[in-house]
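Worksheet for the structure shown next.
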Amino acid sequence: MTKHDEGYIKFNLSWEEKDFDFNDKDFLQINSYRNKFYKLGLIGAYPDGIGFGNISIRNNKNEFIISGSATGNFKNLTKKHYSLVKDYNIHKNSVLCEGLNKVSSESLTHATIYETNLDVNTVIHIHHETMWSRYLDDLPTTDKKAEFGTPEIAMEIKKLANQDSGIIIMGGHREGIIAYGKSLFEAEEIILNYFNKL
C-alpha cells in the first residue's frame, strides 16, 4: 500500500447529494481551524493531487459534520465542501452521509471516537511524516497491521480513544495522526503541543 492510497474511498458509501442544515456559526468555526491546519501543511494535498487530512465536529448524538473527500486540494472551503454523516456501521464498513461532497473512508475513524466518548466534540486527522516518525509507539499507536479506512483501524481507535481528549498515532497509516477533544481549541492545542516540540 502506498502512502497515497487514502485518496480512494474503500468503504460502502450511501450518499444523498443535497444541502444539509449547516449553520453559519458552526461553519465559520470549523473552517477557521481547518484553515490553520492547511496553512501549517497538516491538511492539504500531495503533488499528485491526492488530498490528506480532515476535520469534524459533532452535530447531534453520533452525527457529525466533516470536511469532504479530496478537499485537501482547496485552499479555501465553502459549505459545499463539508458533509453530514447521518449514520454508519463500523463492522459493515458503511457510511450514510448527505451534502454536496462525499466523505472519505476516514469518516469511520471519526465515528468511532464520537461513539466511544460522548464528551468528544471534535476530531482532527492530520498528516506529518516527521511528527509521525517521532511519536510512533511513544504516544498511543494503533497496530501497524490495521490499515486506514477499515473496520480493523476503527476497532484499534476504539481501544485507544478512552479519554475525552487525546492524540493517536496511526501505526498502519504512514504520516497519519488523530487528535480529539471536547472542543476545536482543545484538539488544536494537543496537536500544536507535539508539533512545536519537533
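The values are calculated or read from the model by the stated rules, or taken from the named source; none is laboratory data. Here the structure is a predicted model, which means the values were calculated and not measured. Here the Cβ is made from the backbone with ideal geometry for all residues, glycine too, and neighbour counts use every protein chain on show.
Every residue, every condition in (1) among the hydrophobic types (A, V, I, L, M, F, W, C); (2) touching a residue at least 40 places away in the same chain (Cβ under 8 Å); (3) touching an Asp or Glu at 6+ places or on another chain (Cβ under 7 Å), yes or no:
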{"position": "Asn101", "(1), (2), (3)": "no, no, no"}
{"position": "His110", "(1), (2), (3)": "no, yes, no"}
{"position": "Glu115", "(1), (2), (3)": "no, yes, no"}
{"position": "Asn121", "(1), (2), (3)": "no, yes, no"}
{"position": "His127", "(1), (2), (3)": "no, yes, yes"}
{"position": "Trp132", "(1), (2), (3)": "yes, yes, yes"}
{"position": "Asp138", "(1), (2), (3)": "no, no, no"}
{"position": "Lys144", "(1), (2), (3)": "no, no, no"}
{"position": "Glu147", "(1), (2), (3)": "no, yes, no"}
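Mind listing just one residue for me: the one in the range 104-120 that is out of contact with any Gly (no Cβ under 6 Å at 6 or more places or on another chain) and in a loop (DSSP other than H, G, I, E, B) and, of those, farthest from Gly149 (Cα to Cα)? It would help to see each step written out before you state the result.
Filtering the range 104-120 for residues out of contact with any Gly (no Cβ under 6 Å at 6 or more places or on another chain) gives 104, 106-120.
From what is left, the residues that are in a loop (DSSP other than H, G, I, E, B) are 104, 106, 117-120.
Details: Ser104: 8, Glu106: 5, Asn117: 20, Leu118: 22, Asp119: 24, Val120: 20 Å.
Per the stated criteria, the residue is Asp119.
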Handout entry: Whichever residue in the range 79-101 is at pLDDT 95 or above and part of a loop (DSSP other than H, G, I, E, B) and, among such residues, is surrounded by the fewest Cβ atoms within 10 Å (Cβ to Cβ)
Key = Leu100
Handout entry: Output for the range 18-59, where each listed residue is surrounded by fewer than 17 Cβ atoms within 10 Å (Cβ to Cβ), touching a Leu at 6+ places or on another chain (Cβ under 7 Å) and under 17 Å from Ser104 (Cα atoms)
Key = none
Handout entry: Residues that are buried (at least 23 other Cβ atoms within 10 Å of the Cβ), in a helix (DSSP H, G or I) and not β-branched (Val, Ile, Thr), drawn from the range 155-178
Key = Glu156
Problem - Total residues in the range 62-80, condition closer than 14 Å to Asn23 by Cβ and of a type in the set (A, V, I, L, M) - result: 1
Problem - Thr141 vs. criteria modelled with pLDDT under 95 and of a type in the set (S, T, N, Q) - result: no
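Determine whether Tyr194 is within 26 Å of Ser32 (Cα to Cα), at pLDDT 95 or above and surrounded by fewer than 21 Cβ atoms within 10 Å (Cβ to Cβ).
Details: within 26 Å of Ser32 (Cα to Cα): yes; at pLDDT 95 or above: yes; surrounded by fewer than 21 Cβ atoms within 10 Å (Cβ to Cβ): yes.
Taking the combined requirement at face value, the residue satisfies it.
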Handout entry: Residue check for Ser69: part of a loop (DSSP other than H, G, I, E, B), more than 18 Å from Pro151 (Cα to Cα) and within 15 Å of the chain's Cα centre (by Cα)
Key = yes
